[in-house]
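Below is one structure, written out as structure tokens, with a few remarks after it.
The values are calculated or read from the model by the stated rules, or taken from the named source; none is laboratory data. All values derive from a computational prediction rather than experimental measurement. Here the Cβ positions follow ideal geometry from the backbone for every residue, glycine too, while neighbour counts run over all protein chains shown. For the accessible areas, the whole protein counts, side chains as well, though only heavy atoms, and no ligand, DNA or RNA atoms are used. Shrake-Rupley method; radii C 1.70, N 1.55, O 1.52, S 1.80 Å.
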Amino acid sequence: MRWSQALIPTLREAPNDAEVASHIFLLRAGYIRQLAAGLYDYLYLGQRSILKIIAIVREEMDRIAQELYLPALHPAEIWQTSGRWEVMGDNMFRLKDRFDRDLCLGMTHEEIMADLARRELRSYKQLPQIWYQIQTKFRDEPRPKSGLLRVRQFTMKDSYSFDLDEAGLDISYQKHHEAYCRIFDRCGLRYMIVSAHSGSMGGSQSHEFMVRSDAGEDLIASCAACGYAANVELASAGVQFAPEPVENAAAEEYATPGQRTIAEVSAFTGVQPHRLIKSLLFMAGDKPVLVLVSGDDEVNETKLATVLGQEARPAHPEEIVRHTGAAAGSVGPVGLKLRILADPTLQTRSGLICGANRDGFHLRHVNPGRDFQPEWVDVRTVRGGDSCPQCGKPLQVAKAVEIGHIFKLGRKYTQAMEVRVLDAQGKEIVPIMGSYGIGVERILTAAIEQNHDENGFWLAPSIAPFQVVVTIVNAGDAAMVNAAETIYKDLGAAGVDVLLDDRDERPGVKFKDADLIGIPLRVTVGKKVGQGLVELVERVSRTTRDVPLAQVPTLIAGLLQEQVQPVRA
RNA sequence: CGGGGCGUAGCGCAGCCUGGUAGCGCACCUGCCUUGGGCGCAGGUGGUCGCCGGUUCAAAUCCGGCCGCCCCGACCA
């Protein structure tokens, strides 16, 4: 492609509403334009890159699965069958057809795939089946953000496995694990694989593929020493028995007028936050549950839901008063007749401070186990520096972008959708299901988050819109133009994706643009063509070398070869 | 949905407080000049100032309502 003919609308300045690097550069490099909140036009370069990512995904998925293509527009009935017509709530785009029938735009396809399985699968001999599609998903996100990172319409590779039993599911799951590694390796990403929350639906196992980035919305706890890695939604820390002197003084009430938050009480009393008990009232259905963690810890609602076997929400102010007798800020476990859960970090501490269940008062010299008897369960959110549950070394906590998720679903959907096959004994059985997703645009976004500097970004040749840009320093110089045209033709003939910058612009403009738009290699055709030389520039390292014109195709082929080597985080 | 910010030319912004009929830089067009890191000179094109209503002789500017976008939080298969 000739740059002079292409729509590559680069911007010198970033639009004011872009904040994260990938968003800024996708806009500046002319990959995307915004249509509305969470909706983007993919322009020439953006679409080219997305298509290359899709090609890699398709190639690797074809090794383990069959590609299908299911509708994005779904009748309500099928979602009502699984119960998710209600569960999905406002996140689902809903509409009606001309006969006033309810429809929705697909957020995901478990139901639709299971419906197909129900209609087409009869015998255990047909299992296992792995079906995938690359398709548009619609989610009415409460808050789209960060460019392509969280949007309302996006492309997903989603696949679904149907197996006879758990052992079969293990194999399908493992196949996806390996396929995902190959895909992300080939896209040149540095990623981690972490244990993830398997949901309230009783799934048995789940892993997320994560790319470290401050733009990410997930927090990952990881251990450099032993390789433990988990989403903080479920990460646990090794129990920390900090040696603390035992205090035996009796608990007593004392006035703390107007002191409500941990920070306020700590400042008022001069006592460190970890010597306070944070007491939060949750409602599990209509049942109140008091949850206790150290004053410097946070309650992990995902873990809490797992412990309770159902989702819990923070109690409303009037519920807090009704169940404890005090307003939030003066609540504590002593003397309360409700279910009390406490994190084990409190177990070895004594002489603590907690709310007195009387407005404006706290208790001091409180000893867990003596003054109240909780159930000891892990409900705190792991923090950086906590000890690794596997090896005891300090954990790191960092933000990450989720690019893929694999999930052992169990029989929830096959049961609900009544998928049944006959086994070898002629008995009806319900197949077990897995589901697996890759966010296609997130691969591009994560790659930019990972590989950028102040001038722009660089993509792996496998997913870059072009592998090479040939820059003509002076478009008015016939010798330069001729040499560049030759290189352009030869590279094209060799199967290299090449962009020829034939614009009549000053060299500075062309260099800045070339650095900006993510192309990994550049050939600069300048004054040295007189001696038969051009420059070969690698965007990653910005290394430049003079090479004879005739050697360009060979050298480029070599460089493209090298760069497909997988790099693991 | 709660809190905050913003909306003036394709992009970045000023003007608004103190009302008087819209401006700067970049981009774009024409010509000359220049050609190794966003050249220079000259001349141009382009805006119902987010929308609706009100106040006023007069509204980008003041008042009311609405819409949109961004950020923080809540939410999130």
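Here are the numbers for the structure shown:
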quantity: Residue check, A:Ile320 touching a Gly at 6+ places or on another chain (Cβ under 9 Å) and surrounded by 20 or more Cβ atoms within 10 Å (Cβ to Cβ); calculated: no
quantity: Scan of region A:53-87 for residues that are touching a Leu at 6+ places or on another chain (Cβ under 9 Å) and either open to solvent by 30 Å² or more (accessible area, probe 1.4 Å) or over 30 Å from A:Phe457 (Cα atoms) (or both), ordered by number; calculated: A:Leu68, A:Leu70, A:Ala72, A:Leu73, A:His74, A:Pro75, A:Ala76
quantity: Residues of region A:527-541 that turn out to be surrounded by fewer than 19 Cβ atoms within 10 Å (Cβ to Cβ), within 12 Å of RNA strand B (Cβ to nearest atom) and in contact (Cβ under 8 Å) with a residue 24 or more places away in the chain, as a count; calculated: 2
quantity: Options A:Pro245, A:Pro333; residue that is of a type outside the set (Gly, Ala, Ser), surrounded by fewer than 16 Cβ atoms within 10 Å (Cβ to Cβ) and assigned to a loop (DSSP other than H, G, I, E, B); calculated: A:Pro245
quantity: Given (1) within 28 Å of A:Glu166 (Cβ to Cβ); (2) within 12 Å of RNA strand B (Cβ to nearest atom), number of the condition A:Lys137 does not satisfy; calculated: (1)
quantity: Complete set of residues in region A:33-44 that are under 23 Å from the mean Cα position of the chain (by Cα) and away from RNA strand B (no atom under 12 Å from the Cβ); calculated: A:Asp41, A:Tyr42
quantity: Single match in A:Glu418, A:Glu402 (criterion: of a type in the set (D, E, K, R) and open to solvent by less than 50 Å² (accessible area, probe 1.4 Å)); calculated: A:Glu402
quantity: Filter result for the condition that a residue is closer than 30 Å to A:Gly30 by Cα and open to solvent by less than 20 Å² (accessible area, probe 1.4 Å), over A:Asp185, A:Asp163, A:Asp158; calculated: A:Asp158
quantity: Test: residue in region A:23-36 that is among the hydrophobic types (A, V, I, L, M, F, W, C), open to solvent by 50 Å² or more (accessible area, probe 1.4 Å) and over 22 Å from A:Ala215 (Cα atoms); calculated: no
quantity: Only listed residue being under 30 Å from A:Ser172 (Cα atoms), among the charged types (D, E, K, R) and either at pLDDT 90 or above or surrounded by 14 or more Cβ atoms within 10 Å (Cβ to Cβ) (or both), chosen from A:Asp218, A:Asp214; calculated: A:Asp218
quantity: Residue that is farthest from the chain's Cα centre (by Cα) [pool: residues in region A:256-306 that are of a type in the set (S, T, N, Q) and in a strand (DSSP E or B)]; calculated: A:Ser279
quantity: Helices (runs of 4 or more DSSP H) wholly inside region A:1-84 containing at least 2 residues that are within 26 Å of A:Glu141 (Cβ to Cβ), modelled with pLDDT under 95 and not assigned by TED's automatic domain parsing to the domain that holds A:Phe511; calculated: A:76-82
quantity: Residue among A:Arg58, A:Arg94, A:Arg101 that alone is among the basic types (Lys, Arg) and within 16 Å of RNA strand B (Cβ to nearest atom); calculated: A:Arg94
quantity: Top-ranked residue in region A:142-162 [being within 11 Å of RNA strand B (Cβ to nearest atom) and farther than 17 Å from A:Ser22 by Cβ; ranked as nearest to the chain's Cα centre (by Cα)]; calculated: A:Met156
quantity: Per-region count, region A:344-396, residues of a type in the set (Phe, Trp, Tyr) and closer than 22 Å to A:Asn300 by Cβ; calculated: 2
quantity: Of the criteria (1) open to solvent by 40 Å² or more (accessible area, probe 1.4 Å); (2) within 16 Å of RNA strand B (Cβ to nearest atom); (3) assigned by TED's automatic domain parsing to the domain that holds A:Met156, which one A:Asn474 fails; calculated: (3)
quantity: Any hit, region A:479-496, residues being farther than 16 Å from A:Glu535 by Cα, surrounded by fewer than 15 Cβ atoms within 10 Å (Cβ to Cβ), assigned by TED's automatic domain parsing to the domain that holds A:Val534 and within 12 Å of RNA strand B (Cβ to nearest atom); calculated: no
quantity: Filter pass, A:Gly238 being surrounded by fewer than 19 Cβ atoms within 10 Å (Cβ to Cβ) and not acidic (Asp, Glu); calculated: yes
